[in-house]
Amino acid sequence: MTVVTERQTVLSVKDVSKVYGPAGSHTFALDRLSLDVQKGEFVCLVGASGCGKTTLLNLIAGLDHPQNGKIEIAGRPALLFQDAALFPWLTARQNIELALRLRGVAKRDRADEAQRLLRVVHLEDFGDRRPHELSGGMRQRVALARALAQDARLLLMDEPFGALDAITRDLLHDELERIWQETNLTTIFVTHNVREAVRLGDRVLVLSSRPAHIVEAFDVTMPRPRHLDQPDVAQLAGQIVDRLRKEVRSHGAAS
Amino acid sequence: MAQRLDPSPDPYAVDIAGLDALEVPVQAAPNAARKLWTAGWPRLAAIVVAIGGWELLTIFKVKPSYVLPGPGPVFARLFHDIANGLLLHAMAHTMWRAAIGYGIAVVIGTLLGIVVARSRVVRAAIGSLITGLQTMPTIAWFPFAILLFGLTERAILFVVVLGAAPAIANGLISGVDNIPPILLRAGRVLGATGFDAYRHVVIPAALPGFVSGLKQGWAFAWRSLMAGELLVLLGTSLGQVLQNERDTNDAPGLVATMIVILFIGIVVDSLLFARAETAIRRRWGLLEN
């Protein structure tokens, strides 16, 4: 195994602004936000609620368009929502196969590839279940397998574990980290859980609220795998929370 | 930068398998005979109560028997008319009309529904008109239909189609409107655009609404058809038989024919539409077993 040293930018966001509402009374969701993500990096975005994290992911995923600025991206990214958003009329396997089909994978290869992806998320025995027959954590893993089926260069995750209980969430952190390490998939992970961000990320970016821009970046250098309750994880998380509080306070003072 | 680890056996696989085993809902396979009995006995009881009440009305002679015949003579007459072929013949003709009229209504209603669901302009133009048409009693169309087509099959079909098509279109429109936006976004992220989006996301996601539209459309078609057959007396049909029995003061025959009309309505609804609806709801997990 070699450690990749050349920097290859998978995503470049430059001075992107997004405004909502009618002209005159508009609110800035994003204000000249810039962000570069290198190949294989795991970047976490944290911010107070309503800070435009989801807006940013929608812009990167091409579900929305910025008013100003430029987003350069290699290929179409995969996106994981907080809700698994599986198609309820298809089984877990068929959900994955549909993603393969839309990617243009030949019919004869789809079944094998879907089975492989089910194995990646440890659900090889549950492929023929429909989404409602699976638990929340299992649905989210099927959604992850479906996202992997897109074979995208960039994986966007919008608070994907926000609705799960602590034990399931903890296991999914391990699972996601393992898959990320095996596939070397560039990942942007949005969360409001700062410890989760420190647990998973190479970098944690703190977003300001309304309009959002990046106020500080923290490099996470602890060796992997990390644990949520590890002292140095907790300590860095504490620093980041302090930074976030300062940001939130500045809003109270401004208005 | 990511450090690649050796893809060694995953130590978390065991934990995850344990959690999965705990979290998956346990489903007991329902016993077929028991299921049939659970679904069947309330229906059976309702029929017994209805016929019993009817018998009581005739025993106490609430109305004279030439106006309100009892269950005995009516069922005797029913078997007689079925055995001699009259009702079967009439049923065949009526069902043929129903199939053609409903078939045309499905095609028109579906096309209309797709156009309205897709286009904001068309929806603004005729969206409320479709709902209006659905509330308009179909019998009110008949004078106009007869003026247009005379006392012909076409007059009957015209009204059947007008009765059913708006309901079918409305079902499809509400099916599309009720698609959770997250599914549409998920489809777009996966690269389903244009025709692919319709084929793989919009149409399957709108299916529950569409099926209830089809079901409602059938109910409207059947009602319109009966009204039509009573007004436009052509050939031997259920409506025409009913009208004949009224003209000849044939009360047992009249009630027997009504039972057949009700029976067909129930059978089509429960065998076709209710089943389709249940199957879809079960697939989607919207049904408790």
- Item | Cβ crowding within 10 Å averaged over residues, with A:82-88, A:167-173 ranked highest first | A:82-88, A:167-173
- Query: Mind checking the angle between helix A:92-103 and chain A's longest principal axis? C-alpha axes, 0 to 90 degrees, to the nearest 10.
  - Reply: 70 degrees
- Candidates B:Ile259, B:Ile100, B:Ile182; GNM for chain B (alpha-carbon contacts under 10 Å) flags as most fluctuating B:Ile182
- Here, B:Ala46 and A:Arg203, labelled 7 Å along Cα→Cβ, have an inter-label distance in nm of 6.6 nm
- Query: What translational diffusion coefficient, in µm²/s and rounded to a whole number, does the Stokes-Einstein relation yield for chain A at 20 °C and a viscosity of 1.002 mPa s, taking the hydrodynamic radius as the Kirkwood radius over Cα pairs?
  - Reply: 112 µm²/s
- Report the relative contact order of the range B:73-284, percent, no decimals, based on alpha-carbon pairs under 8 angstrom and at least 6 residues apart. 27 percent
- Task: Determine the relative contact order of the range A:86-151: mean sequence separation of Cα pairs under 8 Å and six or more apart, normalised by residue count, in whole percent.
- Result: 49 percent
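Please average, across the residues of A:177-183, the number of beta carbons from any other chain that are within 10 Å of each residue's own beta carbon, and give a whole number. Provide the component values of the computation, followed by the final result.
Working: counts 3, 7, 1, 1, 6, 6, 2.
What the average comes to for A:177-183 is 4.
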- Item | Total lysine pairs under 16 Å (Cα atoms) in the protein assembly as shown, excluding pairs fewer than 8 apart on one chain | 4
- Message: Only Cα pairs within less than 10 Å get springs; with that Gaussian network setup on chain A, which residue of A:Leu156, A:Leu102, A:Leu90 has the largest fluctuation?
- Response: A:Leu102
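When the dipole is taken about the Cα centre of the range B:93-185, and only Lys, Arg (+1) and Asp, Glu (-1) are charged at their Cβ, what size is it in debye, to the nearest 20?
In debye, rounded to 20, the range B:93-185 gives about 240.
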- List B:Met91, B:Met258 from most exposed to least, where exposure is judged by having the fewest other Cβ atoms within 10 Å. B:Met258, B:Met91
- Query: To the nearest 20 debye, what is the magnitude of the charge dipole of the protein assembly as shown about its Cα centre, counting +1 on the Cβ of each Lys and Arg and -1 on the Cβ of each Asp and Glu?
  - Reply: 1060 debye
- Query: Pick from B:Ile264, B:Ile16, B:Ile108: which residue has the top mean-square fluctuation in a GNM of chain B where Cα pairs under 10 Å get a spring?
  - Reply: B:Ile16
- Query: Averaged over peptide A:80-89, how many Cβ atoms belonging to another chain are found within 10 Å of each residue's Cβ?
  - Reply: 5
- State the answer as a single residue: which of A:Asn68, A:Leu228, A:Ala217 lies farthest towards the positive end of the charge dipole of chain A, with beta carbon charges of +1 for Lys and Arg and -1 for Asp and Glu, about the Cα centre. A:Asn68
- Query: Just going by the charge dipole of the protein assembly as shown, with Lys and Arg at +1 and Asp and Glu at -1 on Cβ, which of B:Pro64, A:Thr191, A:Ser34 is farthest out on the positive end?
  - Reply: B:Pro64
- Query: Where the only charges are on Cβ atoms (+1 Lys, Arg; -1 Asp, Glu), what is the dipole of the range A:86-151 about its Cα centre, to the nearest 20 debye?
  - Reply: 160 debye
- Task: Order these peptides, A:196-202, A:180-186, by their mean beta-carbon neighbour count within 10 angstrom, highest first.
- Result: A:196-202, A:180-186
- Message: Just want to confirm a number: the relative contact order over chain A, from Cα pairs under 8 angstrom separated by 6+ residues, in percent.
- Response: 26 percent
- Task: Within 10 Å of each Cβ in peptide B:275-286, how many partner chain Cβ atoms are there on average? Round it to a whole number, please.
- Result: 2
- Message: I want the local charge near A:Arg141. Using Cβ-Cβ distances under 11 Å, sum +1 for each Lys or Arg and -1 for each Asp or Glu among the other residues.
- Response: 0
- Task: Counting other beta carbons within 10 Å of each Cβ, put B:Lys215, B:Lys61, A:Lys53 in order, fewest first.
- Result: B:Lys61, B:Lys215, A:Lys53
- Which value at 222 nm does the protein assembly as shown reach when only helices count, each DSSP H run of 4 or more adding -39,500 (n - 2.57), with the total divided by all residues and rounded to the nearest 500 deg cm²/dmol? -19000 deg cm²/dmol
- Query: Hey, what's the per residue convex hull volume over the C-alpha atoms of the range B:73-284, in cubic angstrom?
  - Reply: 129 Å³
- Putting +1 on Lys and Arg Cβ atoms and -1 on Asp and Glu Cβ atoms, find which of B:Asn84, B:Ser270, B:Thr193 reaches farthest to the positive end of the dipole of chain B. B:Thr193
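I'd like to verify something in chain B: which complete DSSP H helices, judged by Cα projection on the helix axis, reach 30 Å or more and average at least 0.0 on the Kyte-Doolittle scale?
Qualifying helices: B:32-59, B:86-118, B:153-177, B:203-231.
Every number in this text was worked out from the coordinates using simple rules, so none of it is lab data. For clarity, every value in this text was computed on a predicted model and none was experimentally measured. Ideal geometry is used to build each Cβ from the backbone, glycine not excepted, and the neighbour counts take in all protein chains shown.
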